[in-house]
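S.K.: Take this structure first; my questions come after.
The values are calculated or read from the model by the stated rules, or taken from the named source; none is laboratory data. Just so it is clear, the model here is predicted, and its values are computed rather than measured. Cβ atoms come from the backbone with ideal geometry, glycine included; neighbour counts cover every protein chain shown. Side chains included, ligands, DNA and RNA excluded: accessible areas come from the protein's heavy atoms. Shrake-Rupley method; radii C 1.70, N 1.55, O 1.52, S 1.80 Å.
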Amino acid sequence: MTHDPDNPNDHPEHKGADVVHLSAVRAGRHPYQPLEDEQTASQDGPVLEGTLLRVDQPGGQRSDWRTELEEKARTRRPVIPLWLRSRAEAQETLRWVGKHYVHVAGFQITRVPLYAGRLAFRSPRGLARLVAGMVRWTFDLEGEPVRLSAVQKADPESYLKLSRQRDSRVRLRVSLLLLALITLLLVALVVANATSPQQWGALAVALAVLGALGAPPDRPLINRAVLPTNVEKLTSDIVVRALTSISVSGINAKNPEIRFVAPITRDGPGWRADLDLPYGVTVADVLDKRDRLASALRRPIGCIWPEGNPAIHEGRLILWVGDKDLSKTTVRFALAKAASHDVFKGAPFGNDPRGRAITVPLIQHNVLIGSQPGQGKTAAVRTLAGSAAMDPTAELWIHELKGTGDLDPLEKNCHRYVSGIEDPAIAYAADSLTLLRKEVMRRAAALKSLPADLCPDKRVTRQIADKRSIGLHPLVAIFDECQNLFAHAEYGQQSGEDAEFIIKLGRALGVVLILATQRPDKRSLPTGVSANVSIRFCLRVGGQTENDMILGTSSYQNGIRATTFVPEADAGIGYLVGATPVPKVVRTAYLDTPATQLIADRAYALRKALGTLSGHALGEQPEASMPAFDLLADVLAVVPPSEPKVWNEVVVDRLTELRPEVYGPWASLEGGAKTAQLTTALKPYGVRTGQVWGAIGEGGKGANRMGIVRDDVSAALTERDRSRGSGAAS
């Protein structure tokens with residue numbers, strides 16, 4: 001036998017083994033499999049230019065296990081349901097469950113006579129059904145069709161087997177039936193000799209059993225206490241069908257690429273679906289078509305509330321579908337029956353679509369409310385004003401510049417109050433802003449003088465506010481229809497500057513400014529005011545400009561659109577920004593005039609008992625505001641160009657000589673408070689104070705003290721006048 005020396009597999013020592021090429025083995029050990037282009041190139045010849053780079057690593061995705069644990073910890077679902085973690089929500093849920101079952105029990109108890117009559121009426125039919133059933137069971141009539149089938153098939157063996165089985169069954173069942181009849185006879189004899197109540201009880205049991213047996217299958221004995229809702233259960237198929245039918249760019253109907261990140265569950269009075277939209281699609285794209293989404297889900301638009309979760313990514317959609325239209329609900333004011341309230345805990349404002357209570361923090365914040373006429377703006381103001389009134393330590397200034405008296409019930413609790421649209425009312429409101437500006441400067445000096453252990457964070461706390469002698473109690477100033485003030489030809493410009501000053505500095509000093517307008521534009525709502533307010537509530541508005549004037553720049557672009565609310569139907573519903581970690585749709589609590597009057601009466605009794613009524617509430621005449629003055633011009637007047645740098649205390653003394661009725665209170669301050677007063681007053685104009693060299697009188701000893709640079713004041717005055725000129729021109 002011969003072998004081919006050129007064929008390695010034909011060698012006698014290699015019988016039963018495979019011989020492979022060394023290059024193929026090396027290629028198999030390489031971590032990357034060769035690309036098709038590489039194989040083709042190696043066959044065609046050497047690659048002359050260019051380099052093939054593999055971008056994707058082979059195998060599954062590998063990530064750090066600690067990162068995965070952190071991600072899971074961030075998205076894990078709570079062990080205790082959310083409604084049990086909140087005492088208020090738990091009480092509300094238990095209250096609802098209790099009311100529900102009390103209603104069901106009462107409904108059924110009142111219908112016991114009706115149910116008894118039905119049972120008695122159906123008992124003859126039940127007796128007939130019982131007798132017929134016993135006969136069929138005793139004589140095995142249910143097996144007769146099977147036996148007849150054996151006869152028809154001419155199968156004697158099967159028939160005989162079935163007949164013997166039937167005979168054995170009948171013998172046993174007849175015996176059992178006789179035993180049951182004897183037992184019933186004995187029971188009847190016992191009942192016949194029993195007392196009358198026992199006989200009636202036995203008859204009732206018999207009628208109940210027979211009546212239940214005689215009930216028609218389509219007519220149940222017991223009526224429903226609560227009719228079932230016709231709300232369709234939310235499923236993934238329904239959600240995907242709805243999202244693919246609203247014509248959102250990036251959602252393909254054939255391959256939508258929508259991923260659900262959690263099971264669809266009940267969340268309050270509705271269904272919640274958490275999902276990731278396709279790549280490149282944002283929640284804002286869906287919010288823009290909320291009306292179409294409502295149509296696709298076959299629900300009223302007031303039941304459909306999609307929102308995003310930017311903490312995850314811009315494509316994470318939380319779709320909440322309520323059982324009831326939010327516009328058809330009425331939210332009860334949380335303080336309607338409260339004995340008192342603490343504004344440091346915020347103001348109960350309303351509910352979100354899921355029925356969760358929303359509280360607006362007041363201390364450390366200012367509030368801006370805007371909407372078209374008739375959308376519930378004044379009701380929102382009443383809610384905040386009622387909360388402030390229920391705190392007897394809070395000083396209340398109310399200016400209702402529409403002249404309809406919507407806030408008149410609260411007048412007797414106010415330190416300052418005006419209602420009207422005429423020039424005297426506008427002048428009164430402008431005077432209030434001037435006084436508030438003065439109050440802010442006084443509070444700044446008072447706060448600065450407090451010891452560090454009492455005021456470590458340099459802001460007003462409840463402990464400080466309770467010390468009435470310090471004068472740092474909460475002060476809530478409300479200006480409803482503020483556009484009539486800011487757009488006024490005589491008082492508007494100065495009022496805007498005063499409001500901006502108060503908003504910037506007053507929040508840490510216990511001064512809260514609440515502004516409400518139905519005409520949000522540049523002229524009626526100064527930019528400096530709208531840009532610095534921390535909490536915003538926008539009900540229905542007409543366009544993107546008005547939306548962003550109230551809710552902040554780019555809000556419309558980010559999907560926070562109060563333009564989607566239906567006029568009048570969605571009155572009282574708006575977007576709340578700044579009071580919660582993410583913007584929320586809120587239905588405000590509703591307070592009509594009688595309800596507001598009841599709250600005002602309780603608030604008045606509280607304030608009278610504690611002795612905190614003041615000003616207008618005691619019938620005092622309005623406090624005269626300080627005369628009009630220009631701080632920057634006054635500083636330049638008392639600091640000549642020959643003095644480039646001057647100490648603060650020297651400037652304050654000179655200002656007091658210039659206008660004692662204005663700057664006199666500054667000079668009466670002691671120590672560093674006098675210096676701090678000028679620093680605080682100049683800060684809104686961008687003028688900074690610092691250490692400057694100077695001396696008292698000629699030949700006095702020089703020293704470094706807190707002071708100003710005259711050129712900084714002059715530059716600030718020039719910039720302010722230039723801004724006023726450009727604003728007037730526009």
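S.K.: Do any helices (runs of 4 or more DSSP H) lying entirely in the range 280-398 carry at least 3 residues that are at pLDDT 90 or above and touching a Leu at 6+ places or on another chain (Cβ under 6 Å), and which ones are they?
M.R.: By residue number, 377-389.
S.K.: Still on this structure, I have one more. Just the residues that are within 52 Å of the chain's Cα centre (by Cα) and of a type in the set (Ser, Thr, Tyr), please, taken from the range 640-658.
M.R.: THR656
S.K.: In this structure, does PHE501 turn out to be within 25 Å of LEU368 (Cβ to Cβ) and in contact with a Pro (Cβ under 7 Å, 6 or more places away or on another chain)? Full working, then the answer.
M.R.: Details: within 25 Å of LEU368 (Cβ to Cβ): yes; in contact with a Pro (Cβ under 7 Å, 6 or more places away or on another chain): yes.
Answer is yes for this residue.
S.K.: Tally time: how many residues in the range 540-559 are at pLDDT 85 or above, assigned to a loop (DSSP other than H, G, I, E, B) and open to solvent by less than 30 Å² (accessible area, probe 1.4 Å)?
M.R.: Of the residues in the range 540-559, 4 are at pLDDT 85 or above, assigned to a loop (DSSP other than H, G, I, E, B) and open to solvent by less than 30 Å² (accessible area, probe 1.4 Å).
S.K.: Another question about this same structure. Scan the range 262-289 for residues that are in contact with a helix residue (DSSP H, G or I) (Cβ under 9 Å, 6 or more places away or on another chain), within 30 Å of ALA90 (Cβ to Cβ), touching a residue at least 60 places away in the same chain (Cβ under 8 Å) and surrounded by 14 or more Cβ atoms within 10 Å (Cβ to Cβ) and jot them down.
M.R.: ASP267, GLY268, GLY270
S.K.: What single numbered condition from (1) in a helix (DSSP H, G or I); (2) exposed (fewer than 15 other Cβ atoms within 10 Å of the Cβ); (3) hydrophobic (A, V, I, L, M, F, W, C) fails to hold for LEU162?
M.R.: For LEU162, the exception is condition (2).
S.K.: Is it the case that some residue within the range 196-214 is in a loop (DSSP other than H, G, I, E, B) and either touching a residue at least 40 places away in the same chain (Cβ under 8 Å) or in contact with a strand residue (DSSP E or B) (Cβ under 8 Å, 6 or more places away or on another chain) (or both)?
M.R.: First, pick out the residues of the range 196-214 that are in a loop (DSSP other than H, G, I, E, B): 214.
Those left that are additionally either touching a residue at least 40 places away in the same chain (Cβ under 8 Å) or in contact with a strand residue (DSSP E or B) (Cβ under 8 Å, 6 or more places away or on another chain) (or both): 214.
Yes, the range 196-214 has at least one match.
S.K.: Still on this structure, I have one more. Tally up the residues in the range 591-606 that are open to solvent by less than 40 Å² (accessible area, probe 1.4 Å) and part of a helix (DSSP H, G or I), please.
M.R.: Final tally of qualifying residues: 5.
Table: residues versus (1) closer than 20 Å to TYR575 by Cβ; (2) among the aliphatic types (A, V, I, L, M); (3) out of contact with any Pro (no Cβ under 7 Å at 6 or more places or on another chain); (4) open to solvent by less than 10 Å² (accessible area, probe 1.4 Å).
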residue: VAL331; (1), (2), (3), (4): yes, yes, yes, no
residue: ALA334; (1), (2), (3), (4): no, yes, no, no
residue: HIS341; (1), (2), (3), (4): no, no, yes, no
residue: LYS345; (1), (2), (3), (4): no, no, yes, no
residue: PRO353; (1), (2), (3), (4): yes, no, yes, no
residue: ILE358; (1), (2), (3), (4): yes, yes, yes, no
residue: PRO361; (1), (2), (3), (4): yes, no, yes, no
residue: GLN364; (1), (2), (3), (4): no, no, yes, no
residue: ILE369; (1), (2), (3), (4): yes, yes, yes, yes
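S.K.: List, please: which pairs have Cβ atoms under 7 Å, are six or more places apart or on different chains, and start with a residue in the range 504-531 that is under 19 Å from ILE398 (Cα atoms) and outside any loop (DSSP other than H, G, I, E, B) and end with one that is open to solvent by 50 Å² or more (accessible area, probe 1.4 Å) and among the charged types (D, E, K, R)?
M.R.: Final answer for the pair search is VAL529/GLU500.
Per-residue answers, yes or no, for (1) out of contact with any Gly (no Cβ under 7 Å at 6 or more places or on another chain); (2) in contact (Cβ under 8 Å) with a residue 40 or more places away in the chain:
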position	(1), (2)
GLY552	yes, no
ALA571	no, yes
THR580	yes, yes
THR596	no, yes
ALA603	yes, yes
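S.K.: Pull out all pairs, ordered by first then second residue, where Cβ-Cβ is under 8 Å, the residues are six or more apart or on different chains, the first lies in the range 641-657 and is over 14 Å from LEU682 (Cβ atoms) and without any contact (Cβ under 8 Å) to a residue 40 or more places away in the chain, and the second is among the aromatic types (Phe, Trp, Tyr) and buried (at least 20 other Cβ atoms within 10 Å of the Cβ).
M.R.: Hits for this filter: THR656/TYR663; THR656/TRP666.
S.K.: Do we have any residue at all in the range 410-425 that's of a type outside the set (Ser, Thr, Tyr) and within 23 Å of ILE573 (Cα to Cα)?
M.R.: no
S.K.: Moving to a separate point now. For the subset of the range 452-480 comprising residues that are among the small types (Gly, Ala, Ser) and at pLDDT 85 or above, which member is surrounded by the most Cβ atoms within 10 Å (Cβ to Cβ)?
M.R.: Ranking the candidates gives ALA477 first.
S.K.: Return the only residue of PHE537, PHE501 being assigned to a strand (DSSP E or B) and among the aromatic types (Phe, Trp, Tyr).
M.R.: Unique residue meeting the criteria: PHE537.
S.K.: Still on this structure: Given the options TYR417, TYR428, name the one that is under 19 Å from GLY496 (Cα atoms) and touching a strand residue (DSSP E or B) at 6+ places or on another chain (Cβ under 9 Å).
M.R.: TYR428
S.K.: In the set ARG536, ARG523, ARG507, which member is open to solvent by 40 Å² or more (accessible area, probe 1.4 Å) and closer than 23 Å to ALA389 by Cβ?
M.R.: Matching residue, one of ARG536, ARG523, ARG507: ARG507.
S.K.: Looking only at residues that are part of a helix (DSSP H, G or I) and open to solvent by 80 Å² or more (accessible area, probe 1.4 Å) in the range 607-632, which one is modelled with the lowest pLDDT?
M.R.: Here the residue is LEU618.
S.K.: Condition check: among the basic types (Lys, Arg), on the phi < 0 side of the Ramachandran plot, exposed (fewer than 12 other Cβ atoms within 10 Å of the Cβ) and in a helix (DSSP H, G or I). Does ARG147 satisfy that? Even if it seems obvious, please write down each step before you answer.
M.R.: Details: among the basic types (Lys, Arg): yes; on the phi < 0 side of the Ramachandran plot: yes; exposed (fewer than 12 other Cβ atoms within 10 Å of the Cβ): no; in a helix (DSSP H, G or I): yes.
No: the conditions fail for ARG147.
S.K.: Report, ordered by the first and then the second residue, all pairs with beta carbons closer than 9 Å, sequence separation of six or more or different chains, a first member in the range 323-335 that is acidic (Asp, Glu), and a second member that is open to solvent by 70 Å² or more (accessible area, probe 1.4 Å).
M.R.: ASP323/THR229
S.K.: Filter the range 150-159 for residues that are part of a loop (DSSP other than H, G, I, E, B) and charged (D, E, K, R); which is surrounded by the fewest Cβ atoms within 10 Å (Cβ to Cβ)?
M.R.: Result: LYS153.
S.K.: I'm trying to understand the selection: among the residues of the range 689-730, which are in a strand (DSSP E or B) and either within 19 Å of SER495 (Cα to Cα) or at pLDDT 85 or above (or both)?
M.R.: Result: GLY690, GLN691, VAL692, ARG705, MET706, GLY707, ILE708, VAL709.
S.K.: Further, regarding this structure: What is the one condition in (1) in a loop (DSSP other than H, G, I, E, B); (2) open to solvent by 10 Å² or more (accessible area, probe 1.4 Å); (3) among the acidic types (Asp, Glu) that ASP431 does not satisfy?
M.R.: Exception for ASP431: condition (1).
S.K.: Going through the range 381-416 one residue at a time, which ones are under 13 Å from HIS341 (Cβ atoms) and touching a helix residue (DSSP H, G or I) at 6+ places or on another chain (Cβ under 9 Å)? Don't jump to the end; show me each part of the working.
M.R.: Our first condition is that a residue be under 13 Å from HIS341 (Cβ atoms); within the range 381-416, this holds for 383-394, 396, 413.
Residues satisfying the conditions are ALA385, GLY386, SER387, ALA388, ALA389, MET390, ASP391, PRO392, THR393, ALA394, LEU396, ASN413.
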